[in-house]
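The values are calculated or read from the model by the stated rules, or taken from the named source; none is laboratory data. Fair warning: this is a prediction, and the values are worked out from it, not measured in the lab. Glycine also receives a Cβ, built like all others from the backbone with ideal geometry; neighbour counts cover every protein chain displayed. Just so you know, the surface numbers come from the protein's heavy atoms only, side chains and all, with ligands and any DNA or RNA stripped out. Shrake-Rupley method; radii C 1.70, N 1.55, O 1.52, S 1.80 Å.
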Amino acid sequence: MALDKPYLDVPGTTIFDADQSRKGYHLNQFCMSLMKAANREAFKRDERAYLDQWPMTEEQKQAVLARDLNRCIAAGGNIYFLAKIGATDGKSFQYMAASMTGMTQEQYAAMMLAGGRSPEGNRYIGEKN
Amino acid sequence: MALDKPYLDVPGTTIFDADQSRKGYHLNQFCMSLMKAANREAFKRDERAYLDQWPMTEEQKQAVLARDLNRCIAAGGNIYFLAKIGATDGKSFQYMAASMTGMTQEQYAAMMLAGGRSPEGNRYIGEKN
Amino acid sequence: MARITASVYTSHVPAIGAALDLGKSQEPYWQPLFKGYEPSKQWMADNTPDVIFLVYNDHATAFSLEMIPTFAIGTAASFTPADEGWGPRPVPQVIGHPELAAHIAQSVIQDDFDLTIVNKMDVDHGLTVPMSLMFGQPGGPNPAWPCPVIPFAVNVVQYPVPSGKRCFMLGQAIRRAIESFDQPLKVQIWGTGGMSHQLQGPRAGLINQPFDNAFLDRLIADPAGQAAVPHIDYVREAGSEGIELVMWLIARGAMADVAGGPAPTVRHRFYHVPASNTAVGHLILENN
Amino acid sequence: MARITASVYTSHVPAIGAALDLGKSQEPYWQPLFKGYEPSKQWMADNTPDVIFLVYNDHATAFSLEMIPTFAIGTAASFTPADEGWGPRPVPQVIGHPELAAHIAQSVIQDDFDLTIVNKMDVDHGLTVPMSLMFGQPGGPNPAWPCPVIPFAVNVVQYPVPSGKRCFMLGQAIRRAIESFDQPLKVQIWGTGGMSHQLQGPRAGLINQPFDNAFLDRLIADPAGQAAVPHIDYVREAGSEGIELVMWLIARGAMADVAGGPAPTVRHRFYHVPASNTAVGHLILENN
Ligand SMILES: [Fe+3]
Ligand SMILES: [Fe+3]
């Protein structure tokens, strides 16, 4: 691996670097296309057909169809791009964020109201709480 | 004038700086459109109608119609953009360059073969030869 | 000559824009947040500048992965609020200041900053939410923002983003550029984004109040020290999107004390958790 | 680790591409010019690198006035020869080296160079003419360029372009980046554009042979000194488009002697007037 990556030991976090960007290029550019209202409609009409217009991997397409943002991120997606899928679905950013944490939206919203997720135990992979 | 311009005393030369770029924005973006074959054909079919699609000044349009590159440059044109008009006309870069010097293309080509225009007397406006 | 009168720092959470646009600002969830910006709106009314130099980041709106500029300065006459997928925010066009923007671009490029000059760009919530927070929502028969804005977009989407040190140095170059402009303009410089937040992955929702408050303290009193903090500390302590805070260092670097002048006055300071997924921080520093 | 084996410098006049593409290279006008590149083609065959880092400028092709990056690095897998208004040149796709390009981008951004990362870009004569000159025209049933290329585009269209000093410093950062890449690649760095020429206005056709030859001398023996020469000297002495020569300083800055190593060997030097509107200069420097 050629890039120096000091950020690989942060738990639950994928830094969008050049390697991720290359892997996710077409996935993210597909998301970008959803900034046009006509494309949002075409996607909603037939998601699979719309996705098949992009040279994405099958895993990327399945992750989008399943609305599994963690899988999308593992496949090279960046959250600012992926947010446009949520916007197309009429979902809030908080809904999307919650969906990645394994919490219900209510649980996640309650955590945020109580001051958010603590950094304690969340700084290093394998760190004790 | 807010920009520092140390290059205003070079004879026969217009430096394409931010002020020129702002002045020539639509002229240059019109030229850029000629990089597509379909637009080249539309321009050739009806030059005036094609130009009228761009928010250019009348002076800019007249300078293009007259193929007067010096006038185009005075109106904010940049030579790399303007060259696309010559390409559309099937003219060489040397033809275009000659057209700005007041020489015929033959005279200009002969000057280049003889070693080009001398810098002597061409460094400062008003400088003696 | 032009001069920098003050710097303003604020988060630019998109949900704040949505709350304002949908008339929710008086709801209990949002009320404490907007209350924190009431003194700011009064201060802006009393201290409206001639131009705002607004440092923000684009969130995959104007810039896709086709081109990712580290630093991009908007030199256009106007900038349209973007459709980020929910339709454009109902706020006015942003009017630019092409002459000052071009002057700053020329000056800082000659000062060894490798800017990208942008003449066509839609602006997203990163720019319009701070405008709404500081000015309120423009209304009436001729709604318009009260002054022109020079958008300055920083890449914080694809790693590596510019270092805190680089951002702080850039701010110093921007101050020199503004002070060499030959019109007597009052200019504010705004740094936006942050504070602690993470929008992605199982760690989403991270908030670090001690980090945020220490950042605010140090931004005021020891900005050069804060500028030396490496990216990884922001990621680890303030969340992957907390890295946006490096943009505050551009605005801070443009203040007079960094060039040997007097320390700024802290006119307002505010901190609130949460706004959607994010901690919200806000400062107003006046040059003396 | 990767290392820089040599640097190559050459003009990139579009008429040279047209002469090659139209089969005019044996005409009396062009014959002396192409003869000067015969040793270069042999040298390239004997010293084909694994990757070329190719510094050039875009001529209002990939970049319009919408976005003008000072420095743009191409990190894509391939780049298509552009239609510059005469139809695309009949030359192969340019294959990139995304891994090395991304590594260099990350390294030099962290070294305080504010690059724009480009993942989609057509390449114009500024890049393809040097390829044709050094490799000849690829032919046969599977024509392809012999090695991958990382395009690196420098703004020399809208003033201010980066200073010679900045370009020279960037070359040094690129060398550090390449030498920290963990694959044993032989890399060449090319600087293109120039020499003296002016394409615009009543002064079009300017050629300054003494300036050009002094530039070549000093690029070899005193590059740091040459890097201190201000823009205005290039404009006045070498024509408004002669400013392209600052790009040669990026390649030169990446050579070993600048970092305290041994002086390079001058493998080839060539100078010719005219090619269309332009003086043509060419150097090959090998690291020792
Ligand atoms: Fe943001
Ligand atoms: Fe060129």
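For this structure, a couple of remarks:
- Counting only protein chain heavy atoms and rolling a 1.4 Å probe, the accessible areas of D:L199, A:L65, A:L8 rank, largest first, as A:L8, A:L65, D:L199.
- Ordering C:I16, C:I95, D:I220 by accessible surface, largest first, gives C:I95, D:I220, C:I16; the 1.4 Å probe counts only protein heavy atoms, with every chain in place.
- When D:Q137 is represented by a point 7 angstrom out along its Cα-to-C-beta vector, the spacings to that point in the other copies are 6.5 nm, nearest first.
- Look at the alpha carbon pairs under 8 Å that are at least 6 residues apart: their mean separation over the length of chain C gives a relative contact order of 31 percent.
- Nearest-0.05 FRET efficiency for C:D111 and D:D222, computed from C-beta distance (R0 22 Å): 0.35
- Local electrostatic count at B:A66 - Lys and Arg +1, Asp and Glu -1, tallied over other residues with Cβ under 13 Å: -1
- Remark: spin-label model distance C:A144-B:E120 equals 5.8 nm, labels positioned 7 Å along the Cα→Cβ axis.
- Residues of the range A:74-94 with an amide N closer than 15 Å to a point placed 7 Å from the Cα of A:T57 along the Cα-to-Cβ direction: A:74-78.
- FRET efficiency, 1/(1 + (r/R0)^6) with R0 30 Å, evaluated for B:L8 and B:K91 via beta carbons: 0.50
- Charge tally around A:L27: other residues with Cβ under 13 Å, Lys/Arg +1 each, Asp/Glu -1 each, net +2.
- Estimated FRET transfer efficiency when R0 is 25 angstrom, pair D:N288-D:S78 (beta carbons, to 0.05): 0.15
- Restricting the range B:2-103 to chymotrypsin sites (Phe, Trp or Tyr not before Pro) in coil, as DSSP defines it, with at most 16 other Cβ within 10 Å: B:Y7
- Pairs beyond 19 Å (Cα-Cα), from B:K91/D:K35; B:K23/B:K44; A:K91/C:K24; A:K91/C:K120; A:K36/A:K91; B:K44/D:K24: B:K91/D:K35; B:K23/B:K44; A:K91/C:K120; B:K44/D:K24
- Each 20 Å bin, from zero up to the one with the longest distance, holds this percent of the alpha carbon pairs of the protein assembly as shown: 15, 47, 32, 6, 0.
- Rg and Dmax of the range D:171-245, based on Cα coordinates, read 15.6, 52 Å.
- For the range B:18-90: relative contact order, % (alpha-carbon pairs under 8 angstrom, 6 or more apart): 47
- Residues in the range A:1-40 reached by a label modelled at A:E127 [backbone nitrogen below 16 Å; 7 Å Cα→Cβ]: A:6-15
- Whether the range D:69-118 is rounded, prolate or oblate, judged on the alpha carbon gyration tensor where a/c under 1.5 counts as rounded: oblate
- Rotational relation D to C, axis-closest Cβ in chain D, residue and distance rounded to whole Å: D:D114, 2
- Over the protein assembly as shown, dividing the summed -39,500 (n - 2.57) contributions of all DSSP H runs of at least 4 residues by the number of residues returns a 222 nm mean residue ellipticity of -11000 deg cm²/dmol.
- Sparse-neighbourhood loop sites, GluC sites (Glu not before Pro) in the range A:41-76 - DSSP loop, at most 13 other Cβ within 10 angstrom: none
- For the range D:3-286: rounded, prolate or oblate by the Cα gyration tensor [a/c cutoff 1.5]: rounded
- Additional length obtainable on full extension of the chain from D:Q42 to D:A259, 0.36 nm per residue less Cα span: 75.2 nm
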